[in-house]
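Enquirer: This structure is in structure tokens; I'll ask about it shortly.
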Amino acid sequence: MRVCIHRGSHQIGGSCVEVEQDGKRILIDLGLPLDAEINERFHIPEKLGAIDGSDPSLLGILISHPHLDHFGLLAHVSSNIPIGIGGAARRILSAAGPFLPGNWPVPAQGWDYKSGHSFAVGPFHITPYLVDHSAYDAYALLIEGGGRRLFYSGDFRSHGRKSALFKKMLAMPPRNIDAMLVEGSSLGRLNDNQHFPTEFDIETQLVEAFSSTNGLATVHASVQNIDRIVSIFRASKRTGRKLIIDLYAAAILEATGNKNIPQSDWPSIALFVPHQQRLQIKENAWFDQLKRHSSNRIYIEGLREMPKRSTLLFRPLHRFDLERGKCLEGAAYFYSQWEGYWEQGNYDKLKDWLERHSIPRHNIHTSGHASPADLKVFVAALSPGKIVPIHSFMPERYQELFSDVEAHPDGEWWEV
Ligand SMILES: [Zn+2]
């Protein structure tokens with residue numbers, strides 16, 4: 001079995017790995033680079049073969065999890081190429097598509113992963129393992145072919161709400177791994193003995209923040225970070241606040257298919273449809289969907305009456321409604337996602353708006369990635385023949401953490 005990292009050997013984001021056996025190929029992830037401004041074809045790695053469905057040797061594309069830096073370039077792939085992804089992840093991406101601008105890819109049919117259940121793809125045997133990550137329904141993948149075993153860690157952590165999955169992997173790791181591609185996002189960001197806050201720490205921080213807010217608490221988080229939505233929901237409940245979501249959030253939460261995840265018809269949740277989204281609903285005639293999520297609908301007057309008893313799951317499109325509806329007295333803004341978006345200037349208009357209304361920005365966030373210490377115990381448990389760096393800006397640091405490191409640059413083919 002031969003492998004080529006097309007992108008990811010020395011960067012976070014845009015991951016793409018090709019695996020070949022008996023002249024048959026599969027791709028693992030086809031991500032958009034994190035610094036890509038638009039999702040266009042030219043981001044497809046140069047040495048990648050045809051992805052227009054004309055090459056029968058390409059059997060399929062296996063996506064580890066629904067983050068753009070792992071699946072984004074599916075926008076340019078023929079729908080004849082089967083896609084493997086978690087069933088809930090597939091539903092989330094389909095539900096999100098209509099709401100989001102740009103080239104938002106919805107994966108073609110293929111394989112729906114079930115953790116621990118293997119399936120065959122030509123000469124390959126694939127086993128997905130559900131992992132703890134900030135994306136819902138995320139997997140590590142074991143790929144067997146030609147008598148060799150390759151393990152792809154995907155993106156993972158131990159400090160989320162599904163930390164039991166990490167412990168389970170340590171207790172019952174897949175055995176006899178010949179080579180392991182392991183992510184190293186935290187290298188260079190944390191020292192070996194440092195840890196990220198847990199998702200439970202985030203919940204505690206949110207409880208404190210909401211308690212000391214005298215008006216509307218607005219939290220700017222990705223709706224698709226389901227762990228975080230649960231933290232925001234729980235912290236709201238603990239401080240006597242209702243969580244206010246929009247139709248996009250309602251659709252994503254429904255798409256999880258998980259009845260333990262907050263839903264639009266729960267008593268501590270309310271639906272508020274911002275003006276811009278109302279136009280979108282009208283234009284696309286999403287009336288059935290709106291009706292389905294409207295059992296707890298409130299309007300701007302309702303929000304104005306109970307700012308201290310509300311947490312708004314904030315998106316920049318809310319700012320016009322909040323301004324016009326006079327909901328901002330005593331309001332606080334909590335930024336709860338990757339700092340990089342802010343630094344890249346994605347939210348410059350929002351920044352001006354916050355300043356204009358004298359609303360301070362507070363950061364409450366934790367990473368979706370394993371700390372160096374967690375990477376060490378993870379690698380020790382799986383004890384692979386060799387470790388190949390991926391999804392890291394610091395591949396050179398692997399040598400300090402692990403033995404049997406074999407780094408391969410982008411575009412180089414190597415034997416497992
Ligand atoms: Zn990633």
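The values are calculated or read from the model by the stated rules, or taken from the named source; none is laboratory data. Nothing here was measured: the structure is a model prediction, and the numbers come from that model. Reconstructed Cβ throughout: ideal geometry from the backbone, glycine too, with neighbour counts over all protein chains shown. Only protein heavy atoms, including side chains, enter the accessible area calculation; ligands, DNA and RNA are left aside. Shrake-Rupley method; radii C 1.70, N 1.55, O 1.52, S 1.80 Å.
Enquirer: Looking at region 67-91, which of the residues that are open to solvent by less than 10 Å² (accessible area, probe 1.4 Å) and within 16 Å of the ligand (Cβ to nearest atom) is nearest to Ile44 (Cα to Cα)?
Expert: If we take residues in region 67-91 being open to solvent by less than 10 Å² (accessible area, probe 1.4 Å) and within 16 Å of the ligand (Cβ to nearest atom), then Leu73 is nearest to Ile44 (Cα to Cα).
Rundown of residues vs (1) open to solvent by 40 Å² or more (accessible area, probe 1.4 Å); (2) within 16 Å of the ligand (Cβ to nearest atom); (3) out of contact with any helix residue (DSSP H, G or I) (no Cβ under 8 Å at 6 or more places or on another chain), yes/no style:
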{"position": "Ala285", "(1), (2), (3)": "yes, no, yes"}
{"position": "His293", "(1), (2), (3)": "no, no, no"}
{"position": "Gly302", "(1), (2), (3)": "no, no, yes"}
{"position": "Pro307", "(1), (2), (3)": "no, no, yes"}
{"position": "Gly325", "(1), (2), (3)": "no, no, no"}
{"position": "Ala332", "(1), (2), (3)": "no, no, no"}
{"position": "Gly340", "(1), (2), (3)": "no, yes, yes"}
{"position": "Asp352", "(1), (2), (3)": "yes, no, yes"}
{"position": "Arg356", "(1), (2), (3)": "yes, no, yes"}
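Enquirer: Among the residues of region 118-134 satisfying the criterion of being touching a Ser or Thr at 6+ places or on another chain (Cβ under 7 Å) and hydroxyl-bearing (Ser, Thr, Tyr), which is least open to solvent (accessible area, probe 1.4 Å)?
Expert: As a first pass, look at region 118-134 and keep what is touching a Ser or Thr at 6+ places or on another chain (Cβ under 7 Å): 118, 125-130, 132.
Add one more test, that the residue is hydroxyl-bearing (Ser, Thr, Tyr), and what stays is 118, 127, 129.
Numbers: Ser118: 61, Thr127: 10, Tyr129: 51 Å².
Filtering region 118-134 for residues that are touching a Ser or Thr at 6+ places or on another chain (Cβ under 7 Å) and hydroxyl-bearing (Ser, Thr, Tyr), the one least open to solvent (accessible area, probe 1.4 Å) comes out as Thr127.
Enquirer: Let me ask another. Among the residues of region 35-60, which ones are outside any helix (DSSP H, G or I), within 16 Å of the ligand (Cβ to nearest atom) and in contact with a helix residue (DSSP H, G or I) (Cβ under 7 Å, 6 or more places away or on another chain)? Before the answer, list the steps.
Expert: Step one: filter region 35-60 for residues outside any helix (DSSP H, G or I), giving 35-40, 44-60.
Filter once more, keeping what is within 16 Å of the ligand (Cβ to nearest atom): 35-36, 39, 45.
If the condition is that a residue be outside any helix (DSSP H, G or I), within 16 Å of the ligand (Cβ to nearest atom) and in contact with a helix residue (DSSP H, G or I) (Cβ under 7 Å, 6 or more places away or on another chain), then Ala36, Asn39 are the ones that fit.
Enquirer: Could you say which residue among Gln280, Gln263, Gln276 is touching a Phe, Trp or Tyr at 6+ places or on another chain (Cβ under 9 Å) and either open to solvent by less than 70 Å² (accessible area, probe 1.4 Å) or in a loop (DSSP other than H, G, I, E, B) (or both)?
Expert: Values: Gln263 fails: touching a Phe, Trp or Tyr at 6+ places or on another chain (Cβ under 9 Å); Gln276 fails: either open to solvent by less than 70 Å² (accessible area, probe 1.4 Å) or in a loop (DSSP other than H, G, I, E, B) (or both).
Going through Gln280, Gln263, Gln276 in turn, the sole match is Gln280.
Enquirer: Go through region 145-157 and report how many residues are away from the ligand (no atom under 16 Å from the Cβ) and either under 20 Å from Phe378 (Cβ atoms) or among the polar types (S, T, N, Q) (or both).
Expert: From region 145-157, those away from the ligand (no atom under 16 Å from the Cβ) are 145-151; that's our starting set.
Okay, now just the ones that are also either under 20 Å from Phe378 (Cβ atoms) or among the polar types (S, T, N, Q) (or both), so 149-151.
The qualifying residues number 3.
Enquirer: When you look at Asp22, is it of a type in the set (D, E, K, R), surrounded by 17 or more Cβ atoms within 10 Å (Cβ to Cβ) and either away from the ligand (no atom under 13 Å from the Cβ) or modelled with pLDDT of 95 or more (or both), yes or no? Even if it seems obvious, please write down each step before you answer.
Expert: Values: of a type in the set (D, E, K, R): yes; surrounded by 17 or more Cβ atoms within 10 Å (Cβ to Cβ): no; either away from the ligand (no atom under 13 Å from the Cβ) or modelled with pLDDT of 95 or more (or both): yes.
Judged against the criteria, Asp22 is not a match.
Enquirer: Check region 179-191 and report whether any residue there is at pLDDT 95 or above and open to solvent by 10 Å² or more (accessible area, probe 1.4 Å).
Expert: No, because not a single residue in region 179-191 is at pLDDT 95 or above and open to solvent by 10 Å² or more (accessible area, probe 1.4 Å).
Enquirer: Among the residues of region 397-416, what is the count of those that are surrounded by fewer than 14 Cβ atoms within 10 Å (Cβ to Cβ) and under 19 Å from Gln194 (Cα atoms)?
Expert: Counting residues in region 397-416 that are surrounded by fewer than 14 Cβ atoms within 10 Å (Cβ to Cβ) and under 19 Å from Gln194 (Cα atoms) gives 2.
Enquirer: Just to be sure, is Asp137 within 16 Å of the ligand (Cβ to nearest atom), acidic (Asp, Glu), within 30 Å of Phe42 (Cβ to Cβ) and open to solvent by 10 Å² or more (accessible area, probe 1.4 Å)? Walk me through how you get there before you give the answer.
Expert: Details: within 16 Å of the ligand (Cβ to nearest atom): yes; acidic (Asp, Glu): yes; within 30 Å of Phe42 (Cβ to Cβ): yes; open to solvent by 10 Å² or more (accessible area, probe 1.4 Å): yes.
In short, yes.
Enquirer: Select, from Leu243, Leu181, Leu187, Leu206, the only residue that is farther than 15 Å from Gln337 by Cβ, of a type in the set (A, V, I, L, M) and away from the ligand (no atom under 16 Å from the Cβ). So that I can check it myself, show each step before the final result.
Expert: Working: Leu181 fails: away from the ligand (no atom under 16 Å from the Cβ); Leu187 fails: away from the ligand (no atom under 16 Å from the Cβ); Leu206 fails: farther than 15 Å from Gln337 by Cβ.
When all the criteria are applied, what remains is Leu243.
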